[in-house]
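Below is one structure, written out as structure tokens; comments come after it.
Any read-out appearing in this document is the output of simple, stated calculations on the displayed coordinates, not a laboratory observation. These numbers were taken from a predicted model, which means no experiment stands behind them. Backbone-built Cβ (ideal geometry, glycine too); neighbour counts: all protein chains shown.
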């Protein structure tokens, strides 16, 4: 991933602990990644209550919606593909409504039914192979959000082999939800970072902004600049310069274009978005990365308040006001 939370590099100013609270840090593993929360709380009781609530909710969310949990509701839906309807609760209804909204918003690029393609392009394999055109077309025939059948309180995937995956937005949704939990517990200064999908609230004590390191995709592990973020913002980055494999001298990344069934191959390395929520930033970063330059920039600019940067091996393109967040 391409963004890392950092402390501000500007000189510290005296911190009024009674007004701001101490900057605390919580770290735990969930959703297949490292989850970190930096936040202020006035008392230990407030901090403990928030941390317990946040971790309990994330655990419950993962158990219900992870495709890697064999007994999750999502796995239950996938196992019934081509067979029966699956009963769902109001919370799952909301998640499916979100799928519908993201599919429409991204013009079909963010499609939660692309799991057959993801499984086909197994970049984690020790000896990855390029799928045949026949295999890709077969996997494509099992995708398509519009094929999903829904009725109040139930859902059905009509074809055997179809499967849902919330990996394209689930972690970002969780980041925003935990930020909302913080607000509900009286915490107005926080940085929620789940695998470098980020949501900020307020500013850190004695600092003008949270500083987010922006990784250089041409030199992974190094930062080309940072973003100074204050207030309630979401930050997310999509790229395939780390998760990929080489076959016969050609690199294949892990991000698949659901319209073609092939990994993105137009030369883009990274797309970073600042938006009103982590969910929106994540959706726009994935969609704009797949669209590439210049279509991705035009797409980002169609959403008021969203700003972004797309980097390729040869060039960089950004929206009109992205520079306002960038520091040296």
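Just a few scattered comments:
- For the chain, modelled as a GNM whose springs connect Cα atoms under 10 angstrom apart, the maximal fluctuation among 315, 226, 75 occurs at 315.
- The slack in the chain from residue 180 to residue 313, taken as 0.36 nm per residue of separation less the alpha-carbon distance, amounts to 44.1 nm.
- Note: relative contact order over segment 166-310, using C-alpha pairs below 8 Å and six or more positions apart, is 20 percent.
- Taking 154, 124, 295 in turn, the Gaussian network model of the chain (Cα-Cα springs below 10 Å) assigns the largest fluctuation to 124.
- Kirkwood hydrodynamic radius (C-alpha pairs) into Stokes-Einstein, segment 69-228, 4 °C and 1.567 mPa s, D in µm²/s: 69 µm²/s
- Taken over segment 159-291, the convex hull of the Cα atoms encloses 128 Å³ per residue.
- Here the scattering of segment 34-132 is modelled by Debye summation over its C-alpha atoms, one equal scatterer each and no solvent; at q = 0.13, 0.18, 0.21, 0.25 Å⁻¹ the log10 of I(q)/I(0) is -0.73, -1.08, -1.20, -1.31.
- The value of relative contact order for the chain, using C-alpha pairs under 8 Å at least six residues apart, is 19 percent.
- Backbone N atoms of segment 261-288 closer than 17 Å to the 7 Å Cα→Cβ label point of residue 251 belong to residues 263-272.
- Stretchable slack from residue 44 to residue 59, in nm (0.36 nm times residue separation minus alpha-carbon distance): 3.2 nm
- Sorted by Cβ density within 10 Å, fewest first, the residues 316, 24: 316, 24
- Near-label residues of segment 129-164 by backbone N, under 18 Å of a point 7 Å along Cα→Cβ of residue 79: 155-164
- Of the residues 318, 270, 180, the one that moves most in a GNM of the chain with alpha-carbon contacts below 10 Å is 180.
- All Cα-Cα distances of the chain, cut into 20 Å bins from zero to the largest, leave 30, 57, 12, 0 percent in each bin in turn.
- The ranking of 268, 35 from fewest to most other beta carbons within 10 Å of each one's beta carbon is 35, 268.
- Ellipticity at 222 nm from helices only: DSSP H runs of n ≥ 4 in the chain, each -39500 (n - 2.57), divided by the residue count, give -9500 deg cm²/dmol.
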